[in-house]
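Asker: Input: one structure, supplied below.
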Amino acid sequence: MTDTRLNKQGVTEQAFLAAYDARKYERPSVTVDMLIFTVTQEKKKNYRKLPEKTLRLLLIKRGDHPFLGQWSLPGGFVHMDESLDDAALRELKEETNIDTIYMEQLYTWGAVGRDPRARIISTSYMSLVDSAALNVKASDDADDAAWFTVSYKLYQEQKTLTEQGHILERLFKLNLSNEEAELSAMIKVIKTVSGKIAKIERIIIDSQGIAFDHAQIIQYGVERLRSKLEYTDIAFNLMPELFTLGELQQVYEVILGTELLKANFRRKIAGMVVETNEYTKAAGHRPSKLFRFNPNWENTAE
């Protein structure tokens with residue numbers, strides 16, 4: 001149905017659109033960046049204990065300027081004829097050979113000087129996947145694609161009271177490592193509370209080997225991943241059909257970066273799992289009851 005109403009200049013919508021000049025405003029470029037997390041199993045040091053697990057993130061090595069030779073999140077520019085979601089899936093496939101995974105939008109980054117090439121706004125995506133099921137291979141303009149072990153810790157914290165509230169400054173240390181490279185960054189997160197209004201600012205204090213502003217995107221992604229463990233079933237993306245509660249707890253602990261009390265953890269996930277009549281049969285271990293994910297679990301916290 002044609003809109004025949006007139007605006008203040010006495011023009012219909014059809015006439016307005018026909019005469020509209022898109023050059024009236026500068027148009028920034030739009031990109032997508034993807035955080036692909038996984039939890040992998042390390043080699044056993046003691047056959048009587050569960051294998052150690054570690055949190056990893058997929059990065060690509062840049063094959064062109066800017067930040068030539070540095071590591072960044074997989075990503076690229078959005079085409080004029082595709083959605084953000086489609087661009088994210090296309091770029092991930094082009095740069096890492098990964099497709100058919102679920103990703104969700106994380107945050108949009110729009111600091112004026114975040115990219116030295118031009119005014120570029122980026123929407124980040126996040127996924128937690130089973131890396132064993134993926135065939136990662138660098139392509140397109142990436143020199144390499146590799147998994148990096150993630151170490152993320154609170155380094156320093158300071159709280160200052162103000163007349164209207166407080167300012168909380170937290171300094172985080174991020175380390176990303178594999179056999180080829182050691183990357184690091186210090187990110188300051190400043191939360192200013194004034195009355196009922198809270199503002200959060202992220203500042204990269206130092207970044208070694210991590211391109212663009214991706215250190216703060218990773219920092220935010222780790223925080224978001226940890227928070228999602230509290231109210232979603234995202235951790236089960238990493239679990240086989242049958243698993244022990246000890247294996248599941250270890251996945252939670254490696255993502256959260258802290259040990260959990262067994263009793264508290266089991267109360268927390270009680271409704272998310274279904275007990276089976278099967279047991280583990282690994283040598284050197286007492287048989288442990290196996291569980292599976294409860295597909296009828298309902299998330300009431302969102």
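Asker: Would you mind ranking 20, 107 by Cβ crowding within 10 Å, fewest neighbours first?
Answerer: Working: 20 9, 107 16.
Placing the least packed residue first, the sequence is 20, 107.
Asker: Let me ask you something else. Angle, helix 214-231 long axis vs. longest principal axis of the chain, Cα atoms, 0 to 90°, nearest 10?
Answerer: 60 degrees
Asker: Before rounding to the nearest 500, sum -39500 (n - 2.57) across all DSSP H runs of length at least 4 in the chain and divide by the residue total; then give [θ] at 222 nm in deg cm²/dmol.
Answerer: -6000 deg cm²/dmol
Asker: Also: Please give every one of the aspartates and glutamates within straight-line cross-link reach of residue 268, meaning a C-alpha to C-alpha distance under 19 Å, and leave out same-chain neighbours fewer than 8 residues apart.
Answerer: Cross-link targets: 230, 233, 247, 253, 259, 298, 302.
Asker: Sort 13, 230 so that the residue with the fewest other Cβ atoms within 10 Å of its own Cβ comes first and the one with the most comes last.
Answerer: 230, 13
Asker: Same structure, new question: Just to be sure I understand the model, the point goes 7 Å from the Cα along the line to the Cβ. What's the resulting residue 65 to residue 158 distance in nm?
Answerer: The two pseudo-label positions are separated by 3.8 nm.
Asker: OK, next. So the label point goes 7 Å from the Cα of residue 132 along Cα→C-beta, right? Which residues of the stretch 227-242 then have their backbone N under 16 Å from it?
Answerer: In the stretch 227-242, the label zone of residue 132 (backbone N under 16 Å from the point 7 Å along Cα→Cβ) covers 236-242.
Asker: Do any trypsin sites (Lys or Arg not before Pro) in the stretch 148-203 lie in a loop, going by DSSP, with at most 15 other beta-carbon atoms within 10 Å of their beta carbon, and if so which?
Answerer: When the trypsin sites (Lys or Arg not before Pro) of the stretch 148-203 are filtered for loop state and at most 15 Cβ neighbours within 10 Å, 196 remain.
Asker: Here's a follow-up. Of 262/289; 153/196; 159/188; 137/173, which sit over 18 Å apart, Cα to Cα? Intermediate results must be reported in sequence, preceding the final value.
Answerer: Details: 262/289 15 Å; 153/196 29 Å; 159/188 13 Å; 137/173 29 Å.
Beyond 18 Å: 153/196; 137/173.
Asker: Would you kindly state how much longer the chain becomes between residue 166 and residue 7 on full extension, computed as 0.36 nm times their sequence separation minus their alpha carbon distance, in nm to one decimal?
Answerer: Numbers: separation 159, 0.36 × 159 = 57.24 nm, distance 4.70 nm.
Computed gain between residue 166 and residue 7 is 52.5 nm.
Asker: Calculate the spin-label point distance for residue 117 paired with residue 54, positioning each point 7 Å from the Cα along the beta-carbon direction, and give it in nanometres.
Answerer: 3.2 nm
Asker: Here is a further query. Give the relative contact order (percent, whole number) for the stretch 29-231; include only Cα pairs under 8 Å separated by 6+ residues.
Answerer: 20 percent
Asker: Continuing with this model, one more query. Restricting to Cα pairs below 8 Å that are 6+ residues apart, what does the relative contact order work out to for the stretch 234-293? Please round to a whole percent.
Answerer: That works out to 39 percent.
Asker: To the nearest 10 degrees, how steep is helix 84-96 against the longest Cα principal axis of the chain, on a 0 to 90 scale?
Answerer: Taking the Cα atoms of the chain, the angle to 84-96 is about 60 degrees.
Asker: Amide H of residue 70 versus every other amide H placed in the peptide plane: which residues, excluding those fewer than 5 positions away on the same chain, fall under 5 Å?
Answerer: 62
Asker: Also: To test your reading of the geometry: what angle, between 0 and 90 degrees and rounded to tens, separates the Cα axis of helix 245-256 from the longest principal axis of the chain?
Answerer: Once rounded, the angle reads 40 degrees.
Asker: Determine, for 229, 17, 290, the number of other Cβ atoms within 10 Å of each Cβ, and report the residues in order from fewest to most.
Answerer: Ranking 229, 17, 290 by Cβ neighbours within 10 Å, fewest first, gives 17, 229, 290.
Asker: Starting from the Cα-Cα distance between residue 277 and residue 197, subtract it from 0.36 nm times their residue separation and give me the gain in nm to one decimal.
Answerer: Answer, rounded to one decimal: 23.6 nm.
Any read-out appearing in this document is the output of simple, stated calculations on the displayed coordinates, not a laboratory observation. Here the structure is a predicted model, which is why all the values come from computation and not from measurement. Note: ideal-geometry Cβ built from the backbone for every residue, glycine included; neighbour counts use all protein chains shown.
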